[in-house]
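Peer 1: For reference, the structure I am asking about is given below.
No lab work stands behind these numbers, since they all come straight from the coordinates. Keep in mind that this is a model prediction, so the values were computed, not measured. With ideal geometry, Cβ positions are generated from the backbone for all residues, glycine too; neighbour counts draw on all protein chains shown.
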Amino acid sequence: MDYSVYHNPLTTRYASKEMQRAFSDEKRFKLWRKLWVALAESQMELGLNVTQEQVDELKKYAEDIDYELAAKFEKEVRHDVMAHVKAYGHYAKTAMPIIHLGATSCFVDCNAEAIMLSDALDIVLKKLVNVIDKLKAFALKYKDVPTLGFTHLQPAQLTTVGKRATLWLQDLAMDYENLVHAKSTLKLRGVKGTTGTQASFLELFGGDEEKVKELEKRVVAKLGFEKVYGVTGQTYPRKLDYNILCVLSQIAQSAYKFSNDIRILQNMKEVEEPFGKSQIGSSAMAYKRNPMRSERIGGLARYLISLPMNSAITSSTQWFERTLDDSANRRIVNAQAFLTVDAILNVYMDVADNLVVYEKVIAKHIRAELPFMATENIMMDCVKAGGNRQELHERIRVLSMEAGKNVKVEGGENNLLDLIRQDELFAPIWSKLDDILDPKKFVGRAPQQTVEFIKTEIEPILTKHTDLLGERGDVRI
């Protein structure tokens, strides 16, 4: 590596080689050649003056790209597509006259980009369902473990550790649905010509509209697709980029929320992300166990969440049939959005697969707050035993204030139960206090909700994609 120049950390530190290959120049330029082969072969099949020899020659050199020659031509012509036409034709000499016949640059550029987006969505899908699978296992394992719920980041009614994980799963299930929809509705630009009118192809086929339409069908089919946009300008609609980046942004939003929850729980020492045996938390404070994985998720997610706005501006500022100010922008934005979501999911898989739960710490925190939450139950049981509800309410209020003072002013423990055990007004339920304060009686249907949700909404996703499961998270650095 040349350390004297800038290198994108998405490729050097974060994203997988798999996703990097998905947006590599090699993949893009080989797709261009695949498109040129499909176009020439389809034109031959429909009767244009293209020979089998020319098609065979195009296929012969389809994978053999002279990148240095293409770069040399691009410096001369200042046009990347024409540079690659010339580099292709330099070797496929017999086919040179018919390469790119009737097409515009966006025939290869837009169709190749759409295919790359589709393939990249497959990688995202694979990693997303693996995160879901790992969180599912976590949720079921801890579905019965009571924990403090929080609203406004203040202790609220109890939930369970597993039920809280279903909130993360719910977000991801929504992301899954959006991803599947984006994938299923993705279309190619097709074979549309310079401004989308197919005029050049109509000319080539002597005005035969049916052959022009059949040409598009055949080319698209050879690429493994069926759907094309019915109308386009010179490019595919740039809203396609925006729609796909919105899906990626939503995955980032879900991951960000998860990472923030883990960071807070780690501060509370209730749940911890994995920590390497030789990992250093701080260069100065040797004892620290910083949640660097969750913080990385958050940092990357923040960047990705901002990217759809960029695509929205690109889409809204395209003039008439097309303008070129989208080109340089999209070379950066689309690839980096996918590299970023890939990096996020790599870390998310690792964290979800290796979360550490400290149940005794969780129980300690429950004991500190549950007496306050249980006061209504205590009061109701005392009324059942013959007590006066209003009198009991006032006494609990006074004792709660005293216990709160002991915690906040004196720095002591929550001694509300001790105060209740010393007050004769509550004598009828002294023997039942431990039973009343069983945390599992305060979690409602959390365990059942966890099981039901996973069975009805998560298992169908995983069953559909069993062939994708088994991925492991990778924290490269």
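Peer 1: With N residues in the stretch 203-352, what two-decimal value do you get for its Cα radius of gyration over 2.2 N^0.38 Å?
Peer 2: 1.54
Peer 1: Would you please give the FRET efficiency between A137 and T323, computed as 1/(1 + (r/R0)^6) with r the Cβ-Cβ distance and R0 = 60 Å, to the nearest 0.05? Don't skip to the end; give the middle numbers.
Peer 2: Numbers: r = 50 Å, r/R0 = 0.83.
Rounded to the nearest 0.05, the efficiency is 0.75.
Peer 1: Could you go through the stretch 350-357 in sequence order and give the Karplus-derived ³J(HN,Hα) for each residue, using 6.51 cos²θ - 1.76 cosθ + 1.60 with θ = phi - 60°, rounded to whole Hz, and x for Gly and Pro?
Peer 2: After applying 6.51 cos²θ - 1.76 cosθ + 1.60, I find 5, 5, 4, 7, 9, 5, 10, 10 Hz.
Peer 1: Something else about it: Dividing the alpha-carbon Rg of the stretch 1-137 by 2.2 N^0.38 Å yields what?
Peer 2: Values: Rg = 18.6 Å, N = 137, 2.2 N^0.38 = 14.3 Å.
Relative to the rule-of-thumb radius for its length, the stretch 1-137 sits at 1.30.
Peer 1: Considering the options V85, V55, V131, tell which one lies farthest towards the positive end of the dipole of the stretch 50-139, charges being +1 on Lys and Arg and -1 on Asp and Glu at the Cβ, about the Cα centre.
Peer 2: Final value for the positive-end residue is V131.
Peer 1: Apply the Karplus parameterisation 6.51 cos²θ - 1.76 cosθ + 1.60, with θ equal to phi minus 60°, to every residue of the stretch 141-153 and state each ³J(HN,Hα) to the nearest whole Hz, in sequence, with x for glycine and proline.
Peer 2: 5, 10, 5, 9, 8, x, 8, 5, x, 9, 10, 6, 6
Peer 1: In nm, to one decimal, how far is the M292 label point from the A199 one, both placed 7 Å along Cα→Cβ?
Peer 2: 6.0 nm
Peer 1: Taking the Cα centre of the stretch 375-436 as origin, sum charge times position over the Cβ atoms of Lys and Arg (+1) and Asp and Glu (-1), and report the length of that vector in debye to the nearest 20. Walk me through the numbers before you get to the answer.
Peer 2: On the way: 8 positive and 12 negative charges, 35 e Å.
I would put it at about 160 debye.
Peer 1: Name the long-range amide H neighbours of F150: under 5 Å, sequence gap of 5 or more, or other chain; modelled H, no Pro or chain starts.
Peer 2: A156
Peer 1: What FRET efficiency, computed as 1/(1 + (r/R0)^6) with R0 = 25 Å and r the Cβ-Cβ distance, is obtained for L69 and S24, rounded to the nearest 0.05?
Peer 2: Values: r = 18 Å, r/R0 = 0.73.
The calculated FRET efficiency here is 0.85.
Peer 1: What ranking do 380-393, 105-118 get when scored by the average of other Cβ atoms within 10 Å per residue, highest first? Intermediate values should be presented prior to the final figure.
Peer 2: On the way: 380-393: 14.1, 105-118: 22.6.
The densest-packed peptide leads the list: 105-118, 380-393.
Peer 1: Let me ask something additional. How large is the helix-only mean residue ellipticity at 222 nm for the chain, computed as the sum of -39500 (n - 2.57) over DSSP H runs with n ≥ 4, divided by its residue count, in deg cm²/dmol to the nearest 500?
Peer 2: Details: 19 runs with 291 residues, N = 477.
Mean residue ellipticity, 222 nm, calculated: -20000 deg cm²/dmol.
Peer 1: Still on this structure: Of the peptides 212-220, 50-58, 291-299, how do they stack up when ordered by the mean number of other Cβ atoms within 10 Å, highest first? If you can, show how the numbers build up before the last one.
Peer 2: Values: 212-220: 19.2, 50-58: 17.6, 291-299: 20.8.
Order by mean packing, descending: 291-299, 212-220, 50-58.
Peer 1: Along the Cα-to-C-beta direction of A62, a point sits 7 Å from the Cα; which residues of the stretch 222-243 have their amide N less than 15 Å from that point?
Peer 2: 222-225
Peer 1: Kirkwood Rh and Cα-based Rg: tell me the resulting Rg over Rh for the stretch 271-403, rounded to two decimals.
Peer 2: Details: Rg = 27.3 Å, Rh = 20.8 Å.
We get a ratio of 1.31 for the stretch 271-403.
Peer 1: Can you give the convex hull volume of the alpha carbon atoms of the stretch 124-174 per residue, in Å³?
Peer 2: Details: hull volume 3.7 nm³, N = 51.
Per-residue hull volume (Cα only) is 72 Å³.
Peer 1: Rounded to two decimal places and with Rh computed the Kirkwood way over Cα pairs, what is Rg over Rh for the stretch 375-436?
Peer 2: Working: Rg = 11.7 Å, Rh = 11.9 Å.
So for the stretch 375-436, dividing Rg by the Kirkwood Rh gives 0.98.
Peer 1: Counting other Cβ atoms within 10 Å, keep those with at most 16, restrict to DSSP loop, and tell me which GluC sites (Glu not before Pro) in the stretch 404-440 are left.
Peer 2: On the way: sites: E410, E413, E424; in loops: E410, E413.
Here the GluC sites (Glu not before Pro) that fit, given the DSSP loop and packing criteria, are E410, E413.
Peer 1: Right, something else. Got a sec? Charge dipole of the chain, +1 on Cβ for Lys and Arg, -1 for Asp and Glu; which of I477, V247, F73 is way out at the positive end?
Peer 2: Value: I477.
Peer 1: Over the stretch 375-436, what is the relative contact order in whole percent, taking alpha-carbon pairs under 8 Å and six or more residues apart? Don't skip to the answer; put the middle values down first.
Peer 2: Numbers: 38 pairs, mean separation 22.7, N = 62.
Relative contact order here is 37 percent.
Peer 1: Can you list the equivalent-ellipsoid semi-axes of the stretch 1-57, largest first and in whole Å, using the square root of 5 times each Cα gyration tensor eigenvalue? Show your work: numbers first, answer last.
Peer 2: On the way: eigenvalues 315, 25, 10 Å².
Values for the stretch 1-57, descending: 40, 11, 7 Å.
Peer 1: Looking only at the stretch 252-271, which residues have a backbone nitrogen under 20 Å from a spot 7 Å from the Cα of T151 in the C-beta direction?
Peer 2: Only 261 pass the distance filter.
Peer 1: Dipole of the stretch 172-301, Cα-centred, from +1 at each Lys and Arg C-beta and -1 at each Asp and Glu C-beta, to the nearest 20 debye? Intermediate results must be reported in sequence, preceding the final value.
Peer 2: Details: 20 positive and 15 negative charges, 83 e Å.
Rounded to the nearest 20 debye, it is 400 debye.
Peer 1: Per-residue HN-Hα couplings for the stretch 8-13, Karplus 6.51 cos²θ - 1.76 cosθ + 1.60 at θ = phi - 60°, whole Hz, x for Gly and Pro?
Peer 2: Per residue, the Karplus-derived 3J(HN,Hα) values read 5, x, 4, 8, 8, 10 Hz.
Peer 1: Of the options T375, A385, A427, report the single residue whose Cα projects farthest towards the positive end of the charge dipole of the chain (beta-carbon charges: Lys, Arg +1; Asp, Glu -1).
Peer 2: Positive-most Cα among the choices belongs to A427.
Peer 1: By average Cβ neighbour count within 10 Å, what is the ranking of 330-337, 176-183, 459-466 from highest down? Provide the component values of the computation, followed by the final result.
Peer 2: On the way: 330-337: 19.2, 176-183: 17.1, 459-466: 13.1.
Those peptides, ordered most packed to least, come out 330-337, 176-183, 459-466.
Peer 1: When the dipole is taken about the Cα centre of the chain, and only Lys, Arg (+1) and Asp, Glu (-1) are charged at their Cβ, what size is it in debye, to the nearest 20? Before the final figure, lay out each step's value.
Peer 2: On the way: 65 positive and 65 negative charges, 115 e Å.
That gives the chain a dipole magnitude of about 560 debye.
Peer 1: A further question on this structure: Can you list the residues, at least 5 places off or on another chain, whose amide H is less than 5 Å from the amide H of T160, using H built in the peptide plane?
Peer 2: T147
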